[in-house]
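Inspection log for the structure reproduced underneath, given as structure tokens.
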Amino acid sequence: MSDASEYTPPKVWTWNKPSGGQFASINRPIAGPTHDKDLPVGRHPLQLYSLGTPNGVKVTIMLEELLALGHIGAEYDAWLIKIGDGGQFGSGFVAVNPNSKIPALVDRSGLTPIRVFESGSILLYLAEKFGAFLPTEAGARAECLSWLFWQMGSAPYLGGGFGHFYAYAPTKIEYAIDRFAMEVKRQLDVLDQRLAENEYIGGNTYTIADIAIFPWYGGLAKGWQYGAAEFLSVQDYKHVQRWADMLLERPTVKRGRMVNRVSGEPSSQLHERHEAADFTTKTQDKLAVTG
Ligand SMILES: N[C@@H](CCC(=O)N[C@@H](CS)C(=O)NCC(=O)O)C(=O)O
């Protein structure tokens, strides 16, 4: 492997070798399906096609929150899409999300199914559909949406930037790790300052801004991301820690984090969720016992 500093880009980039690193086998410079595969459809109004990554977990927390509020229309089937195996490139999935990334949702409650992709768009769609976790007063709504979109713009620096170069790239490039560590620490400080003055991200109520930001930045603060807690001194962000601990107390957050999860304790992994009872009967530890 050549040193990063020795590389001179050619005039025209061509796809002639794997990119290297953990996701080399699924990275491609072209869009569209690679194979024919229909998506399964369950009996509930909402069909979620996802994986228990931070982007996926945003939606399962939201759905569990809505169900806890008594919105039976938020009942959902959560199907597992294995992105490491290229499940996001099946024809059925691409028809729901042309961008080939989890999470993707189909709302089958009406006459015509409605597809929704991009986690922020899914949170907004569900918040508007059920009238929950999105303030109606103009100022509070604007604040909530500003933070929701802040998350959508910021997390790629954390995941695609810092996480990629710190944890996944085949070589450790100091320039890249420095650049993105600096940006991620700045982002954590933005949140820390906000949470020093406010109980929740949007102000004094829990909203889709918290639901969007928690899996990424709460997870980083709690040491779940990239083994980077010490490197980024996450304990220093006291208000982010306080907020993350508070959200972790919510049973809905606990349940949402289990859905479509394929790593960690077997008792924390519910690969697919089709009804509420699955949380007690279908986690991996239970399936292993019953076969
Ligand atoms: N902006 C998108 C990002 C979604 C995303 O990056 N999903 C990742 C998993 S967390 C994925 O499906 N990756 C598969 C791929 O890139 O092929 C969102 O928030 O929904």
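The values are calculated or read from the model by the stated rules, or taken from the named source; none is laboratory data. Because the structure is a prediction, the values reported are computed rather than measured. Neighbour counts run over all protein chains shown; Cβ positions are idealised from the backbone, glycine included.
Observations on the structure shown:
- Checked against (1) at pLDDT 95 or above; (2) surrounded by fewer than 24 Cβ atoms within 10 Å (Cβ to Cβ), ALA78 passes all but condition (2).
- Checking THR112 against (1) more than 12 Å from the ligand (Cβ to nearest atom); (2) more than 22 Å from ILE208 (Cα to Cα); (3) surrounded by 19 or more Cβ atoms within 10 Å (Cβ to Cβ), the condition it does not meet: (3)
- Test: residue in the range 13-20 that is surrounded by 13 or more Cβ atoms within 10 Å (Cβ to Cβ) and within 11 Å of the ligand (Cβ to nearest atom): no
- 2 or more residues among the aromatic types (Phe, Trp, Tyr): qualifying helices (runs of 4 or more DSSP H) within the range 174-291: 174-197
- Failed criterion for GLU128 (all others in (1) more than 15 Å from the ligand (Cβ to nearest atom); (2) under 21 Å from LEU51 (Cβ atoms); (3) acidic (Asp, Glu) hold): (2)
- Search result, residues across the range 48-64 that are surrounded by fewer than 24 Cβ atoms within 10 Å (Cβ to Cβ) and either more than 16 Å from the ligand (Cβ to nearest atom) or assigned to a loop (DSSP other than H, G, I, E, B) (or both): THR53
- Tally of residues being within 17 Å of the chain's Cα centre (by Cα) and within 11 Å of the ligand (Cβ to nearest atom) across the range 74-92: 6
- Residues (touching a residue at least 40 places away in the same chain (Cβ under 8 Å) and among the hydroxyl-bearing types (Ser, Thr, Tyr)) located in the range 94-121: SER100, SER109, SER119
- All positions within the range 98-115 that are of a type in the set (Lys, Arg) and assigned to a loop (DSSP other than H, G, I, E, B): LYS101, ARG108
- Within the range 269-291, considering residues that are surrounded by fewer than 18 Cβ atoms within 10 Å (Cβ to Cβ) and either within 15 Å of LYS254 (Cα to Cα) or aliphatic (A, V, I, L, M) (or both), the one modelled with the lowest pLDDT: VAL289
- Of all the residues in the range 95-104, those that are of a type in the set (A, V, I, L, M) and near the ligand (Cβ under 10 Å from one of its atoms) number 2.
- Filtered residue count, the range 24-41, keeping only those that are polar (S, T, N, Q) and either touching a Phe, Trp or Tyr at 6+ places or on another chain (Cβ under 9 Å) or in contact (Cβ under 8 Å) with a residue 40 or more places away in the chain (or both): 2
- Any hit, the range 1-12, residues being assigned to a helix (DSSP H, G or I), at pLDDT below 95 and surrounded by fewer than 12 Cβ atoms within 10 Å (Cβ to Cβ): yes
- Candidate set from the range 122-146 (those that are assigned to a loop (DSSP other than H, G, I, E, B) and in contact (Cβ under 8 Å) with a residue 60 or more places away in the chain); member that is surrounded by the fewest Cβ atoms within 10 Å (Cβ to Cβ): ALA132
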